[in-house]
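K.L.:
Dumping the structure here so I can ask a few things about it.
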Amino acid sequence: MTDSIDKDLIRQLVNGTISDENVQRLQRMPQKDAERFWQYLEVLQESVPWDDKILLRLTDHLYVVKDKEGNRIVKCDCGHEYGDYRINWKLQSLVRVRKTLDEFKQVYSPEPACPEPEWQEIREFFCPNCSAQLAVEVVPPGYPVVFEMLPDLDRFYRDFLGKPLEDESPDWYEDRSEDLLTKWEQAVK
């Protein structure tokens, strides 16, 4: 077994076409090779139709990218932009809320596995451009939209990868979702 893997194996892993033998090979490696993350980013970059630099993958369809103006934004693999990555991208997506037992039974089976409509609702988040389902939340009615991940990219790149980002700043690691909500509130007044 070698101490590194090739980009094609990473591509197979990302695409879900990797063999069981190679999965076990990866799992048994005593330590990941130093270049694996960079190869992973290359594979992701090759899989999208746009050129903005991928900094981190958030979900199957969403990425934090550095756009042409130097902003860090969330972008769908279809190209739809959600804006500043410090603002919860879900606030810019399409949302379907399931509230009744009949609606729950459309996605849960058997019925005893369903959430209780009096206590919970199911929120499904979709891309407004390609309609890909991006996330699902099962939460109490009225619960705030969950901001699942605000990565500290500067620290990750500097401390874990050893390659600091050129635009590093403490302002990058700051939840700005409230700014958008305040803007909406002022627009309604």
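The values are calculated or read from the model by the stated rules, or taken from the named source; none is laboratory data. Because the structure is a prediction, the values reported are computed rather than measured. For neighbour counting, all protein chains shown are included, and Cβ atoms are generated from backbone atoms with ideal geometry for every residue, glycine included. When the accessible area is computed, the model is the full protein with side chains, heavy atoms only, and any ligands, DNA or RNA have been set aside. Shrake-Rupley method; radii C 1.70, N 1.55, O 1.52, S 1.80 Å.
K.L.:
Along the charge dipole of the chain, pointing to its positive end and built from +1/-1 on Cβ of Lys, Arg, Asp and Glu, which listed residue (91, 12, 30) has its Cα farthest out?
P.N.:
Positive-most Cα among the choices belongs to 12.
K.L.:
Which cross-chain or sequence-distant (5 or more) residues have an amide H under 5 Å from the amide H of residue 121, H modelled 1.01 Å from N in plane?
P.N.:
139
K.L.:
Say R0 is 41 Å: what FRET efficiency, to the nearest 0.05, do residue 180 and residue 15 get from their beta-carbon distance? If you can, show how the numbers build up before the last one.
P.N.:
Details: r = 34 Å, r/R0 = 0.83.
Given R0 = 41 Å and the Cβ-Cβ separation, E is 0.75.
K.L.:
Something else: Return the loop-located trypsin sites (Lys or Arg not before Pro) in the stretch 13-69 (DSSP other than H, G, I, E, B) with at most 12 other Cβ atoms within 10 Å of their own Cβ; answer none if there are none. Walk me through the numbers on the way to the answer.
P.N.:
On the way: sites: 25, 28, 32, 36, 53, 57, 66, 68; in loops: 32, 68.
Passing both the DSSP loop test and the Cβ count: 32, 68.
K.L.:
Which shape class applies to the stretch 1-113: rounded if a/c is under 1.5, otherwise prolate when a/b exceeds b/c and oblate if not, where a ≥ b ≥ c are the square roots of the Cα gyration tensor eigenvalues? Intermediate results must be reported in sequence, preceding the final value.
P.N.:
Numbers: a/c = 2.86, a/b = 1.26, b/c = 2.27.
Note, shape of the stretch 1-113 comes out oblate.
K.L.:
Another question, if that's okay. Among 162, 144, 125, pick out the residue whose Cα is farthest towards the positive end of the charge dipole of the stretch 121-189, where Lys and Arg carry +1 and Asp and Glu carry -1 on C-beta, about the Cα centre.
P.N.:
Checking the options against the dipole of the stretch 121-189, the answer is 125.
K.L.:
Among residues other than residue 117 whose Cβ falls under 14 Å from its Cβ, what is the net charge (Lys/Arg +1, Asp/Glu -1)? Don't skip to the answer; put the middle values down first.
P.N.:
Details: positive: 98, 99, 105, 123; negative: 102, 103, 111, 116, 118, 121.
With Lys, Arg at +1 and Asp, Glu at -1, the net is -2.
K.L.:
Another question, then. Taking only DSSP H segments of four or more residues, each worth -39500 (n - 2.57), what value at 222 nm results for the chain once the sum is divided by all its residues, to the nearest 500 deg cm²/dmol? Each step should come with its number before you reach the end.
P.N.:
On the way: 5 runs with 47 residues, N = 189.
About -7000 deg cm²/dmol.
K.L.:
Magnitude of the Cβ-charge dipole of the stretch 103-189, K/R +1 and D/E -1, about the Cα centre, nearest 20 debye?
P.N.:
Numbers: 8 positive and 20 negative charges, 45 e Å.
The dipole magnitude comes to about 220 debye.
K.L.:
Let a ≥ b ≥ c be the square roots of the eigenvalues of the Cα gyration tensor of the stretch 1-64; is it rounded (a/c under 1.5), or, if not, prolate (a/b larger than b/c) or oblate? Could the numbers behind the result be given before it?
P.N.:
Details: a/c = 2.33, a/b = 1.77, b/c = 1.32.
Verdict is prolate for the stretch 1-64.
K.L.:
Nearest 20 debye, what's the magnitude of the dipole of the stretch 66-141 about its Cα centre given +1 on Lys and Arg Cβ and -1 on Asp and Glu Cβ?
P.N.:
The dipole of the stretch 66-141 has a size of about 340 debye.
K.L.:
Using alpha carbon coordinates only, what is the Rg to Rh ratio of the stretch 130-189, with Rh defined as the Kirkwood radius? It would help to have the intermediate numbers written out before the result.
P.N.:
Working: Rg = 16.4 Å, Rh = 14.9 Å.
Ratio of gyration radius to Kirkwood radius for the stretch 130-189: 1.10.
K.L.:
Could you give the dipole magnitude of the chain about its Cα centre, charging the beta-carbon of Lys and Arg +1 and that of Asp and Glu -1, in debye to the nearest 20?
P.N.:
Numbers: 25 positive and 38 negative charges, 31 e Å.
In debye, rounded to 20, the chain gives about 140.
K.L.:
Can I ask one more? Enumerate the calculated ³J(HN,Hα) couplings along the stretch 120-127 in order (Karplus 6.51 cos²θ - 1.76 cosθ + 1.60, θ = phi - 60°), each rounded to whole Hz, writing x wherever the residue is Gly or Pro.
P.N.:
For the stretch 120-127, the Karplus-derived couplings read 9, 9, 10, 10, 10, 10, 10, 6 Hz, x marking Gly and Pro.
K.L.:
Using a 1.4 angstrom probe and counting only protein chains, how large is the accessible area of residue 93 in Å², to 10?
P.N.:
Counting only protein heavy atoms, the figure is 20 Å².
K.L.:
If you don't mind, another one. Summing Lys, Arg as +1 and Asp, Glu as -1, what charge do residues with Cβ under 15 Å from the Cβ of residue 61 carry, residue 61 excluded? Working shown, then result.
P.N.:
On the way: positive: 57, 75, 90; negative: 52, 60, 77, 81, 124, 148.
Neighbourhood net charge equals -3.
K.L.:
If you don't mind, there's one more thing I want to ask. Bin by bin, in steps of 5 Å, what percent of the Cα pairs in the chain do you find, going until the bin that has the longest distance?
P.N.:
Calculated P(r), rounded to whole percents: 1, 7, 12, 14, 16, 15, 13, 11, 7, 3, 1, 0, 0.
K.L.:
Can you give me the long-range amide H partners of residue 53? Hydrogens built in the peptide plane at 1.01 Å from N, cutoff under 5 Å, separation of 5 or more residues or another chain.
P.N.:
For residue 53, the qualifying residues are 66.
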